[in-house]
Amino acid sequence: MAVAPRATREDLSLRLASFGPQHAGAVAAWAPTPEALRWLAPSTSFPLTADSVCAWQRPHTRAFVLMTRGGAGPLGYGELNPMRADPLHFWLGHIVVDPRLRGRGLGLALVKRLLDVARFDHRATRVSLIVFPENRGAIRCYESAGFDRAGDELHRFAASDPPMLLQRYEWRP
């Protein structure tokens, strides 16, 4: 695999493309441990498979991959989902970057491009997400993209699991 460049906010060599089943195997490989999968998709059983990634897709899901222009494979994956109660409020989900390429600003590039889609294509007035408090790298990414902490939430992902405290973040244009 070619080495991905370090991303910058103005980097035009990166683009979002619609997710397709041909990307699912690559995305599934990015959560190789139970902890990595818990941070990415706590309701999904380990190991993550291409079929599991495809099962995340719902009729309302807007799933994207981050690609280099002319690149051979995806660098990151993320979803932008409308909230049912408010069509101008969106939810970011399943944000992940190829672990071999982390630390290069690709997560921030992915999130900023998803926010651009929310703002300019869908006129979003708010975008929200939740994150595990120990996922410091993701929190730094979201804060760098302009998200503000909006509080804590308890979530139970399986009936047999204890509730988990997650942090909620929100972005407004």
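The values are calculated or read from the model by the stated rules, or taken from the named source; none is laboratory data. Model, not experiment: these values are computed from the prediction. So basically every Cβ, Gly included, is an ideal-geometry build from the backbone, and we count neighbours across all protein chains shown.
Of all residues in the range 121-130, how many are within 16 Å of E79 (Cα to Cα) and surrounded by fewer than 21 Cβ atoms within 10 Å (Cβ to Cβ)? I'd like the intermediate steps shown before the answer.
Narrowing the range 121-130 to residues within 16 Å of E79 (Cα to Cα): 121-122, 124, 126-130.
With the extra rule that they be surrounded by fewer than 21 Cβ atoms within 10 Å (Cβ to Cβ), the set shrinks to 121-122, 126, 128, 130.
Within the range 121-130, residues that are within 16 Å of E79 (Cα to Cα) and surrounded by fewer than 21 Cβ atoms within 10 Å (Cβ to Cβ) number 5.
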Is there any pair linking a residue in the range 128-148 that is farther than 14 Å from R38 by Cα to one that is small (G, A, S) and outside any helix (DSSP H, G or I), with Cβ under 8 Å and at least six apart or on different chains, and which? S128/A150; L129/G93
Yes/no for V117 being assigned to a helix (DSSP H, G or I) and in contact with a strand residue (DSSP E or B) (Cβ under 9 Å, 6 or more places away or on another chain): yes
Checking V65 against (1) surrounded by 13 or more Cβ atoms within 10 Å (Cβ to Cβ); (2) assigned to a helix (DSSP H, G or I), which test does it fail? (2)
Just the residues that are charged (D, E, K, R) and at pLDDT below 95, please, taken from the range 134-173. R156, D161
The range 68-80, residues that are surrounded by fewer than 17 Cβ atoms within 10 Å (Cβ to Cβ) and touching a residue at least 12 places away in the same chain (Cβ under 8 Å): R69, A72, G73
Pairs, first touching a residue at least 60 places away in the same chain (Cβ under 8 Å) in the range 43-55, second in a loop (DSSP other than H, G, I, E, B), C-beta under 9 Å, six or more apart: S43/F157; S43/A158
